[in-house]
Amino acid sequence: MSFRPTFRFLAMLTMFLSIFLLVPALIDYVDVGRVYLLKIAGVAFALSLPTWYICRKATSFSNKNVFLVIVLSWVMTSVFGSLPFYYSGFFDSYTNALFEAVSGVTTTGATILSDVESLPKSILFWRAFLQWIGGLGIVVFTIALLPLLGVSGEKLFNVEYPGPSSEKITPRIKDTARLLLTFYVGFTFLEFTLLSYSMPFFDAICHALTTMPTGGFSTFNDSINSQGAYIKSIILLFMIIGGTNFALHFRVLKAGPRGYIRDREFLYYIGLITLVSIAILLTGNWYNEESNTLDTTFQVVAILTSTGYTATDYSAWQPFIKQFLLFGLMFVGAMGGSTSGGIKLIRIVAIVKYARTELKRSLHSKAIIPIRIGQKLIPDEVIRKTLAFFLFYVAFFFIASFCFILLGDDLQSALGAAASGMGNIGPSWGAYGAMDNYLLMPMLSKYIMMFCMLLGRLEIFAVLVLFTKTFWRS
């Protein structure tokens, strides 16, 4: 395997990230007169340019190169993204700066910051922008901007969007990437416009940038808790949009709003939000703050779509069944092909249907019973991959939980952190609850958490394949 195509791709990615950094660099210069962000951008661009030039003709990608590029793109973006945090002086260690960057790029929304409002606007914008570029995927994002990249876009797209609902929406994969980016930018701008009616201009930009990728970084210390009903309603709507399959948005654009109703997974998605919200409201006093209809629905959607916003202190909800329902949603996730984390609803549905089919086969051993979701036939190969993904996901959740306990966390904090990291949720329970942060998490635990974030965001297989002997064998 030649590493030159990988170096070329990463060099181009670094150059683009350096260009993106010019925006917060300008904000920082206008706001406080500092130029350190401009220096970081300049040095990174200067170092990556020779690498790109040397490897510029290496355009042939093997399957191994694709997996390596996917993982290293996220790692490099995280490392690059951590530099503005570290040199800003607001992070007391590089570990904390890297944690914030990984959380941003993977759209997890977990933070080590206790006073977000004290940060300069440049850093607030950069952490929001990291979530935005991470939301749709660094690789798809890059393909959309680099039509002359010389890489098989379909290979990259299939690794970035694995699972039963991965689909092309145009015949050419580059056109698909551009169309996805168009929807992404369009929804972001629309949300910003709606938020700006009742929110300061800068805060509206940052929240629009972190809602569409279902990230959840806020510019306020209490997240969305103190915002009015209008702001919460707008963010709630766009969290639902971000948790919807982007290919479905395209079909609806062509066929009309009925496309949503005809999609079986979307109906499961909306139905689950409705049922869990009603169940939580019915298990307590309707007049308690935590049982407020808007806040309850907001929190259900935030966790299901893996958006790290908090509208209320859900970790204090009583009775405990409310917290248990929210904890379960951490594993489910929203629709496949969306920007959310978790196992994904389409996989959960496929596993349930497979289990039901096996029960029928136990009674009729010779029967051929196809597995369908709506009108779509699910091949056995997809079912096998889905089951393997589910087993790996659960296994890593328990391994991470056990590691957190060994490093000093109580059971509730450990389970919550593991579920939050693997599902790219952000806030969790215990020491890392809705109104807390990850600052006091042990250093080694932070690196385990970062690994969980990357593992969950890249949907496990793209990462694990790098640890096999077969991958590195010539």
Subset of region 199-218 (residues that are at pLDDT below 95 and either among the small types (Gly, Ala, Ser) or surrounded by fewer than 19 Cβ atoms within 10 Å (Cβ to Cβ) (or both)): GLY215, GLY216
Residue list for region 209-234, restricted to those being within 18 Å of VAL185 (Cβ to Cβ) and among the β-branched types (Val, Ile, Thr): THR210, THR211, THR214, ILE234
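Can you work out which of the residues in region 439-474 that are polar (S, T, N, Q) and over 19 Å from PRO427 (Cβ atoms) is surrounded by the fewest Cβ atoms within 10 Å (Cβ to Cβ)? Before you say what the answer is, go through the steps one by one.
Just the residues of region 439-474 that are polar (S, T, N, Q), to begin with: 445, 468, 470, 474.
This time we only want the ones that are over 19 Å from PRO427 (Cβ atoms), so: 468, 470, 474.
Numbers: THR468: 9, THR470: 7, SER474: 3.
Per the stated criteria, the residue is SER474.
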- request: Pick out the one residue from PHE397, PHE324, PHE402 that is modelled with pLDDT of 95 or more and under 30 Å from ALA311 (Cβ atoms).
  value: PHE397
statement: Counting only residues that are touching a residue at least 24 places away in the same chain (Cβ under 8 Å) and aliphatic (A, V, I, L, M), region 368-387 contains a total of 5
Positions within region 233-268 being more than 19 Å from THR296 (Cβ to Cβ), in contact (Cβ under 8 Å) with a residue 60 or more places away in the chain and not in a helix (DSSP H, G or I), in sequence order: THR244, ASN245, ASP263
- prompt: How do the helices (runs of 4 or more DSSP H) wholly within region 1-107 filter down when requiring 1 or more residues that are without any contact (Cβ under 8 Å) to a residue 60 or more places away in the chain and under 19 Å from ARG457 (Cα atoms): which remain?
  reply: 63-88, 94-105
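Looking only at region 108-121, how many residues end up being farther than 26 Å from ALA419 by Cα and in a helix (DSSP H, G or I)?
Filtering region 108-121 down to residues farther than 26 Å from ALA419 by Cα leaves 117-121.
Retained after the next criterion (residues that are in a helix (DSSP H, G or I)): 117-118, 121.
The number of residues fulfilling the criteria is 3.
Pick from region 114-138 the residues that are charged (D, E, K, R) and in contact with an Asp or Glu (Cβ under 8 Å, 6 or more places away or on another chain): which of them is surrounded by the fewest Cβ atoms within 10 Å (Cβ to Cβ)?
As a first pass, look at region 114-138 and keep what is charged (D, E, K, R): 115, 117, 121, 127.
Those left that are additionally in contact with an Asp or Glu (Cβ under 8 Å, 6 or more places away or on another chain): 121, 127.
Details: LYS121: 18, ARG127: 29.
Restricting to residues being charged (D, E, K, R) and in contact with an Asp or Glu (Cβ under 8 Å, 6 or more places away or on another chain), the top hit is LYS121.
Do the conditions hold for PRO147, that is, is it closer than 22 Å to ILE19 by Cα and at pLDDT 55 or above? Steps first, answer last, please.
Numbers: closer than 22 Å to ILE19 by Cα: yes; at pLDDT 55 or above: no.
No, not satisfied.
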task: Check region 342-360 and report whether any residue there is out of contact with any Ser or Thr (no Cβ under 8 Å at 6 or more places or on another chain), closer than 28 Å to LEU136 by Cβ, modelled with pLDDT under 90 and not aliphatic (A, V, I, L, M).
output: no
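Please pick out the residue among ALA58, ALA97 that is of a type in the set (Gly, Ala, Ser) and more than 22 Å from LEU38 (Cα to Cα). Please lay out each step first, then the result.
On the way: ALA97 fails: more than 22 Å from LEU38 (Cα to Cα).
Step by step, each of ALA58, ALA97 is checked, and only ALA58 is of a type in the set (Gly, Ala, Ser) and more than 22 Å from LEU38 (Cα to Cα).
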- prompt: Right, THR95: at pLDDT 95 or above, farther than 24 Å from PHE202 by Cα and not charged (D, E, K, R) or not?
  reply: yes
- prompt: Is it the case that ALA110 is touching a residue at least 60 places away in the same chain (Cβ under 8 Å) and either among the small types (Gly, Ala, Ser) or at positive phi (or both)?
  reply: yes
message: When you check VAL66 against the structure, is it hydrophobic (A, V, I, L, M, F, W, C) and modelled with pLDDT under 95, yes or no?
response: yes
task: Answer yes if at least one residue in region 369-390 is among the hydrophobic types (A, V, I, L, M, F, W, C), surrounded by 13 or more Cβ atoms within 10 Å (Cβ to Cβ), at pLDDT below 95 and under 16 Å from MET422 (Cβ atoms), and no otherwise.
output: yes
message: Can you tell me which of (1) crowded, with 19+ Cβ neighbours inside 10 Å; (2) under 21 Å from the mean Cα position of the chain (by Cα) is the one CYS55 doesn't meet?
response: (2)
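Does GLY42 satisfy the condition of being of a type outside the set (Val, Ile, Thr) and at positive phi?
For GLY42, the condition - of a type outside the set (Val, Ile, Thr) and at positive phi - is not met.
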query: Any residue at all in region 212-223 that is assigned to a helix (DSSP H, G or I) and out of contact with any strand residue (DSSP E or B) (no Cβ under 6 Å at 6 or more places or on another chain)?
result: no
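The values are calculated or read from the model by the stated rules, or taken from the named source; none is laboratory data. None of these values were measured; they are calculated from a predicted model. FYI the Cβ positions are ideal-geometry reconstructions off the backbone, even for glycines, and counts take in every protein chain you see.
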